[in-house]
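The values are calculated or read from the model by the stated rules, or taken from the named source; none is laboratory data. Owing to the predicted nature of the structure, the values given are computational and were not obtained by experimental measurement. FYI the Cβ positions are ideal-geometry reconstructions off the backbone, even for glycines, and counts take in every protein chain you see. Just the protein is used for accessible areas: all its heavy atoms, side chains included, with ligands, DNA and RNA removed. Shrake-Rupley method; radii C 1.70, N 1.55, O 1.52, S 1.80 Å.
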Amino acid sequence: MNDLVLKGGRILDPSQALDKVTDIAFADGKVAAIGDGLTGKDARDVNGKIVSPGLIDLHTHVYWGGTSLGVDAALVAQRSGTTTFVDAGSAGPGNFLGFRRHVIEPSPLRILPFLNVSFPGIFAFSATVMVGEAADLRLIDPRECVRVVNAHRDLIVGVKVRVGRGAGGASGIAPLDIALEVAEETGLPVMAHLDHPPPSRLEVVSRMRRGDILTHCFRPFPNAPVRGDGRIREEVIAARERGVVFDIGHGGGSFGFRTAEAMLAAGFLPDVISSDVHQLSINGPAFDQITTMSKLLSLGMPLADVIRAGTVAAARAVGRTDFGHFSPGAAGDATVIDLVEGAFTYRDVLGETREGRLRLSASGLVVNGKWWEAG
């Protein structure tokens with residue numbers, strides 16, 4: 001007997017090119033079946049709604065209580081439609097164990113961390129105190145990073161580094177070079193944040209390898225991926241050709257409509273959509289994952305591509321094949337979504353606005369095969 005059946009929804013799973021109105025069943029925490037007339041102990045009518053694999057937010061900060069920028073994943077999940085939070089380096093080698101023991105392990109939701117290359121992680125990030133963790137190279141010890149990765153191989157999915165004048169001060173490209181060395185030693189991808197130069201976009205992107213993730217990929221000038229005339233820069237095109245992953249990572253300062261419009265007009269869609277939700281972005285302009293996805297949808301990115309970028313593409317970016325899709329036996333996570341038509345105003349990090357006629361809204365979550373509500 002199935003534990004849960006969602007009946008009559010539009011099952012949308014881009015990993016299988018599946019877009020069909022039917023039922024989906026979950027049993028023993030897994031996807032059990034897709035088809036008409038399914039029954040289960042708990043049956044819920046989702047007629048008129050989209051049912052996608054559980055949304056995966058590739059760039060979040062959920063070391064709540066342990067870092068100044070952290071938000072509570074359980075409180076964000078319901079409004080954002082997110083069932084998997086990938087933490088983008090909130091913790092470093094010096095405080096990772098606390099993140100694991102006190103936040104990740106007790107969480108009812110899946111949290112997968114990138115380890116920050118800086119020993120204290122992102123330790124001073126607030127409206128009143130802002131000190132970049134990569135600004136002092138004395139805080140970056142590659143051997144400590146490798147040690148912690150090896151001790152937590154079951155959990156850590158990559159190495160995070162923040163470079164730029166804001167996060168790295170005068171350190172330039174050095175933090176990225178160290179992070180790449182750690183990643184090569186451990187066989188993991190790097191996720192690189194880039195803010196204001198130095199270093200330049202060219203210096204950062206040219207170093208990135210297949211499978212590495214450039215987050216904030218649609219950031220506004222400076223260090224934007226497009227020139228002022230809208231042409232995509234050559235090093236960005238070359239990076240995509242060699243397999244670098246391009247992730248939105250909206251946040252409070254890293255998504256511009258003009259950049260996004262130029263990239264989409266050139267046919268350069270993001271590989272992954274993520275919110276970069278943290279204490280300074282949760283109340284705008286990013287808000288959450290499903291709002292960020294709505295912005296890309298309103299800019300003309302096809303719905304199936306938006307869902308792909310928030311599900312299976314994010315799972316692949318962290319090397320996981322057990323969730324992010326509805327294949328039988330996959331993790332029993334799903335997001336129930338309303339596709340709402342109307343007049344909506346969206347805002348980027350520069351305060352520029354765009355009007356859209358579509359919005360995605362989360363109306364329910366399935367976690368581990370059961371209907372989930374924040375408790």
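If residue 156 satisfies all but one of (1) assigned to a helix (DSSP H, G or I); (2) closer than 29 Å to residue 84 by Cα; (3) not small (Gly, Ala, Ser), what's the number of the condition it fails?
(1)
Could you grab me the full set of residues in segment 103-138 that are without any contact (Cβ under 8 Å) to a residue 24 or more places away in the chain and more than 30 Å from residue 29 (Cα to Cα)? It would help to see each step written out before you state the result.
At the first step, the residues of segment 103-138 found to be without any contact (Cβ under 8 Å) to a residue 24 or more places away in the chain are 105-106, 128, 131, 138.
Hits for segment 103-138 are 128, 131, 138.
Give all pairs with beta carbons closer than 8 Å in which a residue from segment 283-298 that is farther than 11 Å from residue 348 by Cα and of a type in the set (D, E, K, R) meets a residue that is open to solvent by 10 Å² or more (accessible area, probe 1.4 Å) and in a loop (DSSP other than H, G, I, E, B); count only pairs at least 6 apart in sequence or on separate chains.
Once the first residue is farther than 11 Å from residue 348 by Cα and of a type in the set (D, E, K, R) and sits in segment 283-298, its partners that are open to solvent by 10 Å² or more (accessible area, probe 1.4 Å) and in a loop (DSSP other than H, G, I, E, B) give 288/282.
Given the structure, is residue 162 closer than 20 Å to residue 68 by Cα, among the basic types (Lys, Arg), open to solvent by 20 Å² or more (accessible area, probe 1.4 Å) and within 21 Å of the chain's Cα centre (by Cα)?
Numbers: closer than 20 Å to residue 68 by Cα: yes; among the basic types (Lys, Arg): yes; open to solvent by 20 Å² or more (accessible area, probe 1.4 Å): yes; within 21 Å of the chain's Cα centre (by Cα): yes.
Judged against the criteria, residue 162 is a match.
Of all residues in segment 15-36, which are under 17 Å from residue 328 (Cβ atoms) and either not in a strand (DSSP E or B) or not aliphatic (A, V, I, L, M) (or both)?
The answer is 15, 16, 17, 20, 22, 23, 26, 28, 29, 30, 35, 36.
So which residues in segment 57-72 are out of contact with any Asp or Glu (no Cβ under 9 Å at 6 or more places or on another chain) and in contact (Cβ under 8 Å) with a residue 12 or more places away in the chain? Full working, then the answer.
Restricting attention to segment 57-72, the residues satisfying the condition of being out of contact with any Asp or Glu (no Cβ under 9 Å at 6 or more places or on another chain) are 66-69, 71-72.
Those that are out of contact with any Asp or Glu (no Cβ under 9 Å at 6 or more places or on another chain) and in contact (Cβ under 8 Å) with a residue 12 or more places away in the chain: 66, 67, 68, 69, 71.
Only one of 290, 337 is of a type in the set (Val, Ile, Thr) and within 23 Å of residue 192 (Cα to Cα). Can you tell me which?
From the options 290, 337, the qualifying one is 290.
Only one residue in 162, 138, 110 is among the charged types (D, E, K, R) and touching a helix residue (DSSP H, G or I) at 6+ places or on another chain (Cβ under 8 Å), so which one is that?
Going through 162, 138, 110 in turn, the sole match is 162.
Of all residues in segment 113-140, how many are open to solvent by less than 70 Å² (accessible area, probe 1.4 Å) and within 15 Å of residue 70 (Cβ to Cβ)?
Residues flagged as open to solvent by less than 70 Å² (accessible area, probe 1.4 Å) and within 15 Å of residue 70 (Cβ to Cβ) within segment 113-140 amount to 10.
Taking segment 148-168, which residues are within 14 Å of residue 114 (Cα to Cα), of a type outside the set (A, V, I, L, M) and in contact (Cβ under 8 Å) with a residue 24 or more places away in the chain?
150, 152, 158, 160, 162, listed by residue number.
Within the set of pairs 6 or more residues apart or between chains, which connect a residue that is basic (Lys, Arg) inside segment 76-102 to a residue that is not in a helix (DSSP H, G or I) with Cβ atoms less than 8 Å apart?
Correct list of pairs: 79/288; 79/362; 100/113; 100/152; 100/155.
Look through segment 217-239, keep the residues that are surrounded by fewer than 13 Cβ atoms within 10 Å (Cβ to Cβ) and among the small types (Gly, Ala, Ser), and return whichever of them is farthest from residue 203 (Cα to Cα).
The residue in question is 228.
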